[in-house]
Amino acid sequence: MSELTSAVNELLKGKRAEENLHIYTDGLSALYKRMAHLRMAMNYFTFAEVYSDMDVKDKSVFDVQVNKLQKMIDDIILLDKSEDYKAKDIDDFRNEIIAIMEVLTAYVDRLQVCEYILNRVEFRYEECDYGNDYYNDKFEKDIYRYITSDKDNTVINMKLSQIIGQIPMRLSKNKFFDMLRDSFSLYKGSEQQSVDDFAYMIRTAGTIYNPEGFGTMFTDLHSQYEQLASIKAEDITEERFREYRELLTEASEVVERYSDFYVMLAEIVNDVYTIYLNNGALTEVNEIEMLKSIISDSYDMLEGHDIESEAVAMKFMELEGIQERLSNMIFNPESAIDEICNINGEFIDEAGYRSRINSLIVTSKLQSASTFAKLKDDDDKKMPADEAYIMETVDSLVTDFSKLFEEKDRSGKRAVMALVVSALPTFFNNLEEFKQYVHVALSQCTDMAEKQACMSLINLMMASE
């Protein structure tokens with residue numbers, strides 16, 4: 001480890017590049033390989049236990065991807081047949097999982113719209129602890145006190161967004177579109193990719209993003225959503241409200257269960273990909289063999305063999321503390337990779353190290369906290385976004401939102417606007433503007449059930465601090 005540390009320090013000074021790049025790439029690759037085996041052993045064992053406990057119906061949803069995973073693990077990890085695979089094979093499987101998660105995320109966004117509408121009719125049929133006296137005399141003061149109780153601007157802005165998402169939404173379409181345009185003006189001169197990412201966030205929050213497979217994947221879930229999408233606040237009876245609430249709970253639980261499973265699956269694929277990219281690195285044999293034995297047991301569990309979970313869990317006792325030590329060892333060489341490339345870039349290309357460095361960069365993304373991180377940057381999108389590019393992006397959003405609003409009743413439009421506005425950058429110049437916005441929104445609301453929903457939800461938010 002001291003040799004790797006020395007190599008990092010010298011590369012950051014541009015010294016002895018040829019010798020140190022060899023030490024650096026070999027050393028960091030070996031650490032990544034060890035970490036991936038360890039993470040995979042833990043994640044895969046948990047995955048196998050969760051899958052084994054599933055009912056037949058849920059298993060049938062995941063079987064195609066689970067079978068692909070099993071073959072990949074058997075070939076690459078257990079049989080050491082990495083040569084039978086190309087990086088694209090694993091990349092395609094990873095992208096398949098990401099595409100599925102985009103569909104599930106689209107359901108999450110749409111169910112939030114349904115929840116927003118139901119929340120605002122709940123107190124037609126339920127008792128509420130808050131009434132007009134509190135609404136008129138104390139509510140605004142409590143909101144302002146909540147916002148100003150923290151001095152950190154990041155936290156304050158987060159609280160502002162939370163409040164804006166819950167107070168009565170009374171924006172006109174034109175005012176809503178103006179707010180979109182103002183938000184995008186902040187991105188002038190930034191990379192086009194940043195503009196695209198922001199637009200994607202708005203599209204998902206506003207339910208105008210329709211990923212491929214939405215409506216055809218998870219047909220039972222889609223059927224539940226279609227029933228919920230027919231909600232019209234003015235037509236909801238108490239009986240229908242309770243039916244919708246139960247249906248929303250069921251659908252939300254399905255989405256959460258499926259999403260959790262695919263996140264676990266993606267984490268394992270990231271570890272397999274890491275091992276594939278760094279398979280040639282030399283590591284301590286006994287440790288890797290111990291981890292492979294856990295992976296093998298987990299593989300057999302998924303294949304339906306009777307494996308004693310407690311016996312597998314006992315093997316982890318021998319690995320206690322390794323993950324923390326590896327994380328500490330990886331941190332410095334990983335965090336220095338961009339600077340090392342900038343300082344030694346010419347030599348990296350001349351000496352043929354570019355491919356190995358690129359593999360390490362991809363690996364760092366695979367092992368990051370962002371399970372679905374984009375592995376390769378789109379160089380075309382690194383260009384600065386000029387006014388024309390931003391206007392084209394905003395105009396496309398306005399067109400799509402206009403079409404969506406034509407299909408929705410008043411409660412549906414308000415729900416979408418509230419969820420989008422709460423996701424925008426803070427648009428107040430000062431807290432007085434925020435106070436005025438809240439005051440106008442609250443004073444314009446004449447629906448007692450909506451008032452009580454706002455008071456209940458915001459007080460729940462404030463109480464969780």
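Results for (1) within 23 Å of Tyr107 (Cβ to Cβ); (2) free of Cβ contacts under 8 Å to residues at least 40 places away in the same chain; (3) open to solvent by less than 20 Å² (accessible area, probe 1.4 Å), shown as yes or no for each residue.
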{"site": "Thr237", "(1), (2), (3)": "no, yes, no"}
{"site": "Thr249", "(1), (2), (3)": "yes, yes, no"}
{"site": "Val263", "(1), (2), (3)": "yes, no, no"}
{"site": "Ala266", "(1), (2), (3)": "yes, no, yes"}
{"site": "Tyr276", "(1), (2), (3)": "no, no, no"}
Positions within the range 149-176 being without any contact (Cβ under 8 Å) to a residue 40 or more places away in the chain, of a type in the set (Lys, Arg) and open to solvent by 50 Å² or more (accessible area, probe 1.4 Å), in sequence order: Lys151, Lys175
Under 7 Å between Cβ atoms, at least 6 apart or on separate chains: pull out the pairs that start in the range 177-200 with a residue that is of a type in the set (A, V, I, L, M) and end on any residue that is open to solvent by 30 Å² or more (accessible area, probe 1.4 Å) and assigned to a loop (DSSP other than H, G, I, E, B). Met179/Phe427; Leu186/Pro425; Val195/Tyr187
If only one of Asp63, Asp53, Asp89, Asp84 is under 26 Å from the mean Cα position of the chain (by Cα) and either farther than 30 Å from Thr204 by Cα or open to solvent by less than 40 Å² (accessible area, probe 1.4 Å) (or both), which one is it? Asp53
So which of Ile167, Ile147 ends up being part of a helix (DSSP H, G or I) and either farther than 21 Å from Thr399 by Cβ or modelled with pLDDT under 90 (or both)? Ile147
Please go through the range 251-261 and pick out each residue that is closer than 13 Å to Ser223 by Cα and surrounded by fewer than 13 Cβ atoms within 10 Å (Cβ to Cβ). none
Kindly evaluate Val394 against the criterion of being of a type in the set (Val, Ile, Thr) and touching a Lys or Arg at 6+ places or on another chain (Cβ under 7 Å). yes
Just the residues that are of a type in the set (A, V, I, L, M) and in contact (Cβ under 8 Å) with a residue 24 or more places away in the chain, please, taken from the range 362-407. Val362, Leu366, Leu375, Met383, Ala385, Ile390, Val394, Leu397, Val398, Leu404
Of those in the range 195-228 that are surrounded by 16 or more Cβ atoms within 10 Å (Cβ to Cβ) and among the small types (Gly, Ala, Ser), the residue nearest to Lys408 (Cα to Cα) is Gly206
When Asp26 is run through (1) without any contact (Cβ under 8 Å) to a residue 40 or more places away in the chain; (2) surrounded by fewer than 19 Cβ atoms within 10 Å (Cβ to Cβ), the failure sits at (1)
Can you find even one residue in the range 185-203 that is modelled with pLDDT under 90, closer than 20 Å to Met417 by Cα and not aliphatic (A, V, I, L, M)? yes
For the range 321-358, the count of residues that are among the hydroxyl-bearing types (Ser, Thr, Tyr) and in contact (Cβ under 8 Å) with a residue 24 or more places away in the chain equals 2
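The values are calculated or read from the model by the stated rules, or taken from the named source; none is laboratory data. Remember, predicted model here, so these are calculated numbers, not experimental data. Cβ coordinates were reconstructed from backbone atoms using ideal geometry, including for glycine residues, and neighbour counts include every protein chain displayed. All accessible areas refer to the heavy atoms of the entire protein, side chains included, with ligands and DNA or RNA removed. Shrake-Rupley method; radii C 1.70, N 1.55, O 1.52, S 1.80 Å.
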